[in-house]
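Structure record follows, encoded as structure tokens.
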Amino acid sequence: MIDVLTTTQEGRLAVVELKADEDIHLPLQGLDYWARVAWHHARGEFKKFGYFPGKELSTEDPVLFLVAPALRVDPATDTLLRYFSPKICWELVGIDERWRRNLKPVFRKRARREGSTDADREVA
């Protein structure tokens, strides 16, 4: 089961995969959900079955957010993310370890776009 499926302000579907502890499966589980959402979206099923009423959904592929406490992101995550297709727009968000009291991003890493460099990656 997907953790959260929502939309951006622009109407793009957003898959949010959440982990509370270190888990090597974070990127692969997120990718699996992303692929399922993209498949249903390409067939117009979210609109057809009444998801997100009143919201105009973008025709773009979904965006994938991978969220975990910053100090608990498995070291293999960066390696696995390098193998994702450039077609997949992903963002890894490391949150403060005290996330239960105050949800605060500590860092963000984004998929590279054509012509971008490592300097384009944002650190909060």
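Structure values in brief
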| quantity | calculated |
| --- | --- |
| Residue match in region 71-91 (condition: among the acidic types (Asp, Glu), loosely packed, with under 11 Cβ neighbours inside 10 Å and farther than 16 Å from residue 16 by Cα) | no |
| Segments classed as strands (runs of 3 or more DSSP E), wholly inside region 1-111, with at least 3 members that are of a type in the set (A, V, I, L, M) and touching a residue at least 12 places away in the same chain (Cβ under 8 Å) | 13-18, 63-69, 89-95 |
| Any hit, region 66-73, residues being modelled with pLDDT of 90 or more and within 16 Å of residue 34 (Cα to Cα) | yes |
| Per-region count, region 96-124, residues surrounded by 11 or more Cβ atoms within 10 Å (Cβ to Cβ) and either modelled with pLDDT of 85 or more or aliphatic (A, V, I, L, M) (or both) | 10 |
| One residue from 37, 63, 15 being crowded, with 16+ Cβ neighbours inside 10 Å, of a type in the set (Val, Ile, Thr), at pLDDT 95 or above and touching a helix residue (DSSP H, G or I) at 6+ places or on another chain (Cβ under 6 Å) | 15 |
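The values are calculated or read from the model by the stated rules, or taken from the named source; none is laboratory data. Keep in mind that what you see is a predicted model, and the values were worked out from it rather than measured. Note that each Cβ is placed from the backbone with ideal geometry, even for glycine, and that neighbours are counted across all protein chains shown.
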